[in-house]
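Here the structure comes first, spelled out in structure tokens, and everything after it is commentary.
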Amino acid sequence: MKKTFQFLTSVLIPLIVGFGGSFFTTSAINAWYTTINKPSFNPPNWIFAPVWTMLFILIGISFYLVWRENFGKEKGKVIGIYSLQLGLNFLWSILFFGIEKPLFALIEIFILWLAIIANIAVFWKVSKPAAYLLIPYLLWVSFASILNMAIVVLN
């Protein structure tokens, strides 16, 4: 029962963060976002929801694997960095879509990228599979950073 609770909680938390961020995204996708210049490699809008859903599930499973190991020797640091990167993920949606400031979002996504690297590093010390599960997240945020930068340049 305890492991089931930990697993469900671990997966639900990032999904809730993602759902919260989508509140800002959804309202802008068919409004402001349609009016800005986007690069040729911009994916279709429909791709973002399933990709982010899968990434948030992987992030949650990753956290579960670390929680199962009682967060290792530096519990506060592990939970802190994990929480930081989730908070930064949420903040990016507010900056980019909510207040329509791609430049601010670009600066912030760089910080998010560094936080994901830090998250991978602290998870690696506790559970290597947990760290590996964050690699798709890092890759997608790397792509999103390039996309964000292109939008800033084009607008």
Region 55-155: helices (runs of 4 or more DSSP H) wholly inside it with 3 or more residues that are in contact with a Pro (Cβ under 8 Å, 6 or more places away or on another chain) are 135-154
Just to be sure before I move on: is residue 38 basic (Lys, Arg) and either in contact with a Cys (Cβ under 9 Å, 6 or more places away or on another chain) or assigned to a helix (DSSP H, G or I) (or both) in the structure I sent? no
Can you name the residue in region 30-78 that is within 16 Å of residue 4 (Cα to Cα) and polar (S, T, N, Q) and is also surrounded by the most Cβ atoms within 10 Å (Cβ to Cβ) among such residues? 62
Which residues, counting only those in region 39-87, are farther than 22 Å from residue 8 by Cα and aliphatic (A, V, I, L, M)? 47
Looking for something out of contact with any Phe, Trp or Tyr (no Cβ under 7 Å at 6 or more places or on another chain) and of a type in the set (Gly, Ala, Ser) - is there at least one such residue anywhere in region 95-106? no
Might you check whether a residue that is in contact with a Phe, Trp or Tyr (Cβ under 8 Å, 6 or more places away or on another chain), at pLDDT 95 or above and under 20 Å from residue 68 (Cα atoms) occurs anywhere in region 133-148? yes
How many residues are buried (at least 18 other Cβ atoms within 10 Å of the Cβ) and of a type in the set (Phe, Trp, Tyr) if we restrict to region 130-155? 1
Going by the structure shown, is residue 24 modelled with pLDDT under 95, assigned to a loop (DSSP other than H, G, I, E, B) and of a type in the set (Phe, Trp, Tyr)? no
Can you find even one residue in region 64-78 that is closer than 21 Å to residue 140 by Cα, without any contact (Cβ under 8 Å) to a residue 12 or more places away in the chain and out of contact with any Asp or Glu (no Cβ under 7 Å at 6 or more places or on another chain)? no
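The values are calculated or read from the model by the stated rules, or taken from the named source; none is laboratory data. Quick caveat: nothing in here was measured; it's all calculated off a predicted structure. No Cβ is skipped: glycine too gets one built from the backbone with ideal geometry, and neighbour counts run over all protein chains shown.
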